[in-house]
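These notes are about the structure you will find just below.
The values are calculated or read from the model by the stated rules, or taken from the named source; none is laboratory data. Keep in mind that this is a model prediction, so the values were computed, not measured. All Cβ positions, glycine included, derive from the backbone under ideal geometry; neighbour counts span all protein chains shown. To get the accessible areas, we keep the full protein, side chains included, count just its heavy atoms, and leave off ligands, DNA and RNA. Shrake-Rupley method; radii C 1.70, N 1.55, O 1.52, S 1.80 Å.
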Amino acid sequence: MKSGAMAAILCGLAAGASAQPTITFLPVGYIISDMSADGTVGCGNLIGPYETFIWTEAAGPVLLGRATVPIIGTGAGSPDISYDGTIISATIIDDTLSFATPGVWSEGIWQAALPPTGPNGINLDSSLGSAWGLSGDGQTLTGFYWRNPGKAQPMTWTNEGGVVALPVDANRSARVNGANYDGSVVVGWEERADGAWQSTVWRNGVKTRLFETEAFAGAEQVTADGSTIVGQSINGATRKAAIWRWNGTSYDQELLPLLPGTAVGFGQAGALGVTDDGATVVGFNIYAFQPFSLGDGWIWTAETGMIEAEDYIASLGLSLPPNFDVSAFSGISADGSTIFGSGISTITGLDQSFIIRLTDPCDPDGCLADWDGTGGAPNSSDFLAYLNAWSVQDACADLAPAGGDGAWDSSDFLAFLNAYSMGC
């Protein structure tokens, strides 16, 4: 990948993207839940067996096995992926094919995180617990394990240290939904005495309530440095998407607006993803509380405000299939290059995910010769950067034919030289 690519991509997004956006639809039933930092690798669950899959543009979704539904009849949790796209966390069937457990997948192998479980851990209805998040470095799994008497104990897990039970009020349940890059800041919810979920953060193991709400709410994602958290909070009687920003000693809350037409007190919105600079947030909006009420996705920046998903997709010059209704923008890659979401066919009622690529990950600034990420006229720095990438068989250095052929040879080098001679 080019040096400085992240900064170039974020600038491109703010300016409306520097390369022609594309939209890719996954097969029906494959619901994507997370993507790598550059948006080139994704993961999710297949509706039905609730089996985890890994996705790339070249291979599409590939199932990874260890599904729980075919064996114990239930599925839980949310698959997540490391920043480099090599490690996946999910809820899987254990090694004895007896119960559900959090697990991590790497190099084609699943590793069960439980057993052993944490203090007072129990097997509840053929489940030890479930996975709901993964740190950017892929080392810290988050979620919960079941503890006596039938409460969800918030936890983190690492291969080296095993289970760490996080602080929770007595006789309450809680869950950890996401983690920053190194796992030092994790976010989720803890219930009140009446069972309503409250958005919560654990910084270096210390629990802090982000906001006391009168209804179910939770924190969903956190940036790599732990400075920005997104999720849901409440304003009066209406749940809204929320951003919490670290001020050095605590988190300041900002509530985002609802999409026009949302019924106050009955509709709601929530934030599901955020870029690592904290500038772009995506999520869902439900207009009213009623059976079969359809929702919408949205994208927000301080400059643009909240834009409804289908309007945003149209502004990119992209189109959706007939009778397809976007229900949510489920997340955005850390570098801001890729948005992913899901929708439903209003004819068949079937769910389907999609991936919007705002920029080419190998050419974010639209100049194939700019390999040092500095812009301007190509020079020896760009030449040496490409030579190094070509020598280690970096995927982005596979230039010829267009789209690459899996071989790093003289044709790729000639394609770079041609681009170099043309300049930017």
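Miscellaneous remarks
- Criterion: touching a Lys or Arg at 6+ places or on another chain (Cβ under 6 Å), modelled with pLDDT under 85 and in a loop (DSSP other than H, G, I, E, B) - qualifying residue of 373, 404, 366: 373
- Test: residue in the range 171-183 that is in a strand (DSSP E or B), free of Cβ contacts under 8 Å to residues at least 24 places away in the same chain and either of a type in the set (Phe, Trp, Tyr) or under 18 Å from residue 134 (Cβ atoms) (or both): no
- Of the residues making up the range 236-259, those that are farther than 14 Å from residue 220 by Cβ, outside any strand (DSSP E or B) and not polar (S, T, N, Q) are 236, 237, 248, 257, 258, 259.
- Complete set of residues in the range 228-242 that are more than 17 Å from the chain's Cα centre (by Cα) and either open to solvent by 10 Å² or more (accessible area, probe 1.4 Å) or modelled with pLDDT under 95 (or both): 234, 235, 236, 237, 238, 239, 240
- Residues of the range 407-423 satisfying the condition of being assigned to a helix (DSSP H, G or I) and surrounded by 13 or more Cβ atoms within 10 Å (Cβ to Cβ): 411, 412, 413, 415, 416, 417, 418, 419, 420
- Top-ranked residue of the range 373-406 - restricted to ones that are of a type in the set (Asp, Glu) and free of Cβ contacts under 8 Å to residues at least 60 places away in the same chain, ranked as least open to solvent (accessible area, probe 1.4 Å): 382
- Filtered residue count, the range 133-168, keeping only those that are open to solvent by 60 Å² or more (accessible area, probe 1.4 Å) and in contact with a Lys or Arg (Cβ under 9 Å, 6 or more places away or on another chain): 0
- Among residues of the range 376-387, those that are more than 34 Å from the chain's Cα centre (by Cα) and outside any helix (DSSP H, G or I), counted: 3
- Exactly one residue out of 86, 91, 117, 52 is modelled with pLDDT under 95 and not aromatic (Phe, Trp, Tyr), and it is 117.
- Just one of the numbered conditions (1) part of a loop (DSSP other than H, G, I, E, B); (2) among the charged types (D, E, K, R); (3) buried (at least 20 other Cβ atoms within 10 Å of the Cβ) is not true of residue 296: (1).
- Total residues in the range 247-268 satisfying the condition of being surrounded by fewer than 19 Cβ atoms within 10 Å (Cβ to Cβ) and either within 10 Å of residue 230 (Cβ to Cβ) or not hydroxyl-bearing (Ser, Thr, Tyr) (or both): the figure is 13.
- Filter pass, residue 278 being in contact (Cβ under 8 Å) with a residue 24 or more places away in the chain and either within 19 Å of residue 80 (Cα to Cα) or over 18 Å from the mean Cα position of the chain (by Cα) (or both): no
- Here residue 271 clears all of (1) of a type outside the set (Lys, Arg); (2) open to solvent by less than 50 Å² (accessible area, probe 1.4 Å); (3) not in a strand (DSSP E or B) except the condition numbered (3).
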